[in-house]
Each structure stands twice: as C-alpha cells, then as structure tokens.
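Novice: My questions will all concern the structure given below.
The values are calculated or read from the model by the stated rules, or taken from the named source; none is laboratory data. Everything numeric here is computed off the predicted structure, so don't read it as measured data. Here Cβ is always computed from backbone atoms with ideal geometry, including for glycine, and neighbour counts include all displayed protein chains. These area figures cover heavy atoms from the full protein model, side chains too; ligands, DNA and RNA do not enter into them. Shrake-Rupley method; radii C 1.70, N 1.55, O 1.52, S 1.80 Å.
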Amino acid sequence: MKILIWPGHHDPLDGLIKLFTHGRGSHAAFLRDDDRTIHEAFWPRVHDRMVMPHDRRVAEVYVLANVGEQQHALFEKVFDHNLNARIEYSVADLFRYALNRPSRDEHHTFCSRYVMHCLRRVLHPLQMPLCRLPDGDWASPRDLRISPALHLLKGYLR
C-alpha cells in the first residue's frame, strides 16, 4: 500500500493546514496499484486522477509494510466503492478538525481523514500507521508523514 503526502505546495490551503497541524504535510492520498493513478479526497469529492508532473516533483511516496495481496485487492475495491458513493470533500471538516469538533457524517471528509478511514476499513488494528487518536479518523497529513510505520520511497515517482 502506497500513500502519497505532499509536504507543501499542493493548494491554497497549504499554509493554513500546516499552521494547524504544526508541521510539513498539507495533503494525503493513495497511489493505486497501477502506480499512475492517485486516489484522493479533494475538491469537490473523492476521485481518481492521473499522476501529474507537479506530483512527481513534490509528492512523497510512503509504503505501508506488511500489507498482503488480499488486502491490496480489498483496498482497490474500497476505492471503487467510495468513488460510486460520491463522498464529498469538506472544507468545513478541516475547521472541525482544527477546533477538535466531530465530523457531521461519513459522506463528507478531508484528505487525511479519508486515508485513515480507508486504512481502518481494510487493516487489522495492529497494522495501522497511527493509533490512540481521539477519533480514529482525525489525523493530519503531517501525522501520517511522521508515522514510524510508513517508510519513504525516495524518488519513487521521478
């Protein structure tokens, strides 16, 4: 399982996100099994898109070890299911996160919350890159970036 994290230069909310999360990391997404498609929660809703030149220059690729082939296949099914569910990106949830308020529902999300939600759907709790979160989904891109369970693949997209 590969997770993409942009340490900066992703969108106009970068500075605000880094301010509230106290570190580098302003966007998180998945790299699908074809290594060409990004699966992300970003405006206006969860979607797939091709890796762009900007992503190759800026995004960091992390691998989550000890994910089996069956789990990889299940992630792909979860991604496809979520595309059909048309889960919406929520700027309001970013502010809820910053103010430690609960999310309004499961049909609205932001990038790193979405990554954690997908991970929780597939992985055993001992495989999770983050634990002891106040809400199992409330994580920032910076939190994911510093997880000891995620290993940076330097130059992977270049």
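Novice: Can you give the relative contact order of the chain as a percent, counting alpha carbon pairs under 8 Å and 6+ residues apart?
Specialist: Relative contact order for the chain comes out at 29 percent.
Novice: Shifting gears a bit: What percentage of the solvent-accessible surface of the chain, computed with a 1.4 Å probe over protein heavy atoms, is contributed by carbon and sulfur atoms?
Specialist: Whole-percent figure for carbon plus sulfur exposure: 56.
Novice: Further question: Order of 52-64, 76-88 by packing, highest average Cβ count within 10 Å first?
Specialist: 52-64, 76-88
Novice: Enter the accessible area per residue of region 36-135 (Å², integer; probe 1.4 Å; all protein chains in place). Don't skip to the end; give the middle numbers.
Specialist: Details: 5590 Å² over 100 residues.
With the other protein chains kept in place, region 36-135 gives 56 Å² per residue.
Novice: Still on this structure: Could you give the nm distance between label points at residue 98 and residue 80, where each point is 7 Å from its Cα heading toward the beta carbon?
Specialist: 3.8 nm
Novice: Calculate, in nm to one decimal, what residue 49 and residue 152 gain on full extension: separation in residues at 0.36 nm each, minus their alpha carbon distance.
Specialist: Here the answer is 34.9 nm.
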